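Data block below; observations after.
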Amino acid sequence: MERIQGMLFLAGAFSLAGTSVVTARYFSGNLGLFTITAVSLFLALFILLPLAWKELARGGRRLPGRDWALLFLQALFGIVLFRFFLLSGLELTSSAEAGILTGATPAVTVVLARLLLRESADRLALLGIASTIAGMGLLQMVSSTGAIGSFAPEHLAGNALVCCAASSESLFNVLSRKFAAAGGTPQRDKLHPMAQTALVTAIAFALSAVPALFERPAAVLPHLAWSEWLALVWYGPVVTALAFILWYAGIQRCRVSTAAAFSGLMPFTSLLLSVTLLGERSFWLQWAGGVLVILGIVLIAVRQQPQSKPAAKRKDAEPS
């Protein structure tokens, strides 16, 4: 039951995260990248701190230095670098393609989980990785006009930046699980998802606020359109606060490779919203690439049955 709850939390988290690609399109070129991040995080903290104050007072002061380092890295990769690469890439490529390219996240996460957390990757998982890579390859064959193999150099650069964003998200996934695995040990109790979200958001705000000052936000913010303020509100309290709370609740209950499978919801939420809300064109090769990414997600998810249960049953069945 707890695992099912975890998967539901992960589904909600990545569905909300997938809207970030489309939300970024509502920002004009007047707002700097770090300003967008800093202001949206400030709005998220405005909601989070009153709600998480008791949990922060209860668990935050007992965190050892190693856990603070993990929280810092989660903020750096999961928020600051992810948004920097994503927003930079969206200036050079379409939302639909950026959305599908975030489909690299499941494959990269499985590889990192194997290398850093020693989680196993069987044949189905490896097939899932190969399917994801193949899907990305099909996407790269289509230009924004529908022509095959006719990318402009800046188009490829934008896609490369989005791939960097996907890799940052994968590192964040692994770091989050590593932090969650330390909870419930004699060294410390589990940190409440709301408190963890508040801490990571505060660290990310501190990291982005200083470079944001060099973008002179005070001269731009008073002149923002209402649509941009709505985008900032969505980017902060919803895509950051709510999605991260759901994420941390889910990763406490599931393995990283399970989370990797659900992270595939990001690209398809982005693709669907790009086509329906932004009116961007899509082509059959993109959808074929999307099917391969979906197949990769399914293959990675299929092998998510606990491998220790059969052994445990055999052991219980043996006569004492």
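The values are calculated or read from the model by the stated rules, or taken from the named source; none is laboratory data. Just so it is clear, the structure is predicted and the values come from calculations on it, not from any experiment. Cβ coordinates were reconstructed from backbone atoms using ideal geometry, including for glycine residues, and neighbour counts include every protein chain displayed.
Applying the condition of being crowded, with 19+ Cβ neighbours inside 10 Å and more than 17 Å from residue 182 (Cβ to Cβ) to the range 47-74 and asking which residue is modelled with the lowest pLDDT yields 56.
Quickly run through the range 280-290 and pick out the residues that are surrounded by fewer than 24 Cβ atoms within 10 Å (Cβ to Cβ), in contact (Cβ under 8 Å) with a residue 12 or more places away in the chain and assigned to a helix (DSSP H, G or I).
Listed by number, the residues that qualify are 285, 286, 288, 290.
Quick one: is residue 320 over 25 Å from residue 110 (Cβ atoms), modelled with pLDDT under 75 and polar (S, T, N, Q)? Yes, satisfied. Can you confirm whether residue 277 is over 21 Å from residue 16 (Cβ atoms), more than 18 Å from the chain's Cα centre (by Cα) and surrounded by fewer than 23 Cβ atoms within 10 Å (Cβ to Cβ)? Judged against the criteria, residue 277 is not a match.
Rundown of residues vs (1) surrounded by 20 or more Cβ atoms within 10 Å (Cβ to Cβ); (2) of a type outside the set (Ser, Thr, Tyr); (3) at pLDDT 80 or above; (4) part of a helix (DSSP H, G or I), yes/no style:
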position: 179; (1), (2), (3), (4): yes, yes, yes, yes
position: 191; (1), (2), (3), (4): yes, yes, yes, no
position: 206; (1), (2), (3), (4): no, yes, yes, yes
position: 209; (1), (2), (3), (4): no, yes, yes, yes
position: 215; (1), (2), (3), (4): no, yes, yes, no
position: 231; (1), (2), (3), (4): yes, yes, yes, yes
position: 237; (1), (2), (3), (4): no, yes, yes, yes
position: 245; (1), (2), (3), (4): yes, yes, yes, yes
position: 248; (1), (2), (3), (4): yes, no, yes, yes
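On inspection, residue 109 does not qualify as of a type outside the set (Gly, Ala, Ser), modelled with pLDDT of 75 or more, in contact with a Pro (Cβ under 9 Å, 6 or more places away or on another chain) and not in a loop (DSSP other than H, G, I, E, B).
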